[in-house]
Amino acid sequence: MSKVLKDLKIKTGSAVRLGKELKFYEKEKQAFADKLKNMEENKEEQLNINKQREFLDETEATLQNVKSRLEDAYTALDTYLQQNAAHADVVGTEELEKAQQVWKEEGEPFLNSLKGDEAKADDSDDCDFS
């Protein structure tokens, strides 16, 4: 296997793995949030509520880290595809098809959603105090 093909396979695998990790932590965050809400409604011991809140905070921090790493992985995959999609060792391979599919179905929408989030944040920063 050529270096170009091997690198493409690694970049694709990394993006897919991080995408799965992101989904896992999103589900975990929701589960912790639901449990915390339930604990607060049932007026459980404050110590237990605080510990649950700590779990939720840790998961949110991990989620942000995974999002950042996933953004880097998708950006790297996109750049690599742009630079090497026409390389003789890659053209017509299953690895190229898989990488293009991952980029089209997961990477591009993910990066576009981040741009949308940034635009929303920029809009909320524009305050008119006239």
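The values are calculated or read from the model by the stated rules, or taken from the named source; none is laboratory data. Remember, it's a predicted structure, so these values are computed and weren't measured experimentally. Quick reminder, even Gly has a Cβ in these numbers, built from the backbone with ideal geometry, and neighbours come from all protein chains shown. What goes into the accessible areas is simple: the full protein's heavy atoms, side chains included, and nothing from ligands, DNA or RNA. Shrake-Rupley method; radii C 1.70, N 1.55, O 1.52, S 1.80 Å.
Right, Thr75: of a type in the set (S, T, N, Q) and open to solvent by 30 Å² or more (accessible area, probe 1.4 Å) or not? Judged against the criteria, Thr75 is a match.
The rows are residues; the columns are (1) touching a strand residue (DSSP E or B) at 6+ places or on another chain (Cβ under 9 Å); (2) of a type in the set (Lys, Arg); (3) within 18 Å of Leu77 (Cβ to Cβ).
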| position | (1), (2), (3) |
| --- | --- |
| Leu8 | no, no, yes |
| Gly13 | no, no, yes |
| Val16 | no, no, yes |
| Glu21 | no, no, yes |
| Phe24 | no, no, no |
| Lys29 | no, yes, no |
| Asp34 | no, no, no |
| Glu41 | no, no, no |
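When Leu70, Leu96, Leu81 are checked against the criterion of being under 19 Å from Glu26 (Cα atoms), of a type in the set (A, V, I, L, M) and open to solvent by less than 50 Å² (accessible area, probe 1.4 Å), Leu70 stands alone in meeting it. Restricting attention to segment 1-41 and to residues that are in contact (Cβ under 8 Å) with a residue 12 or more places away in the chain and acidic (Asp, Glu), the residue that is surrounded by the fewest Cβ atoms within 10 Å (Cβ to Cβ) turns out to be Glu26. Looking only at segment 1-13, decide whether some residue is over 22 Å from Pro109 (Cα atoms) and touching a His at 6+ places or on another chain (Cβ under 6 Å). Yes, the conditions are met somewhere in segment 1-13. Inspect segment 84-93 for any residue being open to solvent by less than 90 Å² (accessible area, probe 1.4 Å), in a helix (DSSP H, G or I) and acidic (Asp, Glu) and give the result as yes or no. Checked against the condition, which is being open to solvent by less than 90 Å² (accessible area, probe 1.4 Å), in a helix (DSSP H, G or I) and acidic (Asp, Glu), segment 84-93 yields no hits at all.
Inspect all residues belonging to segment 42-61 and state whether any of them is open to solvent by 80 Å² or more (accessible area, probe 1.4 Å), within 23 Å of the chain's Cα centre (by Cα), under 17 Å from Gly107 (Cβ atoms) and acidic (Asp, Glu). Checked segment 42-61: no residue is open to solvent by 80 Å² or more (accessible area, probe 1.4 Å), within 23 Å of the chain's Cα centre (by Cα), under 17 Å from Gly107 (Cβ atoms) and acidic (Asp, Glu).
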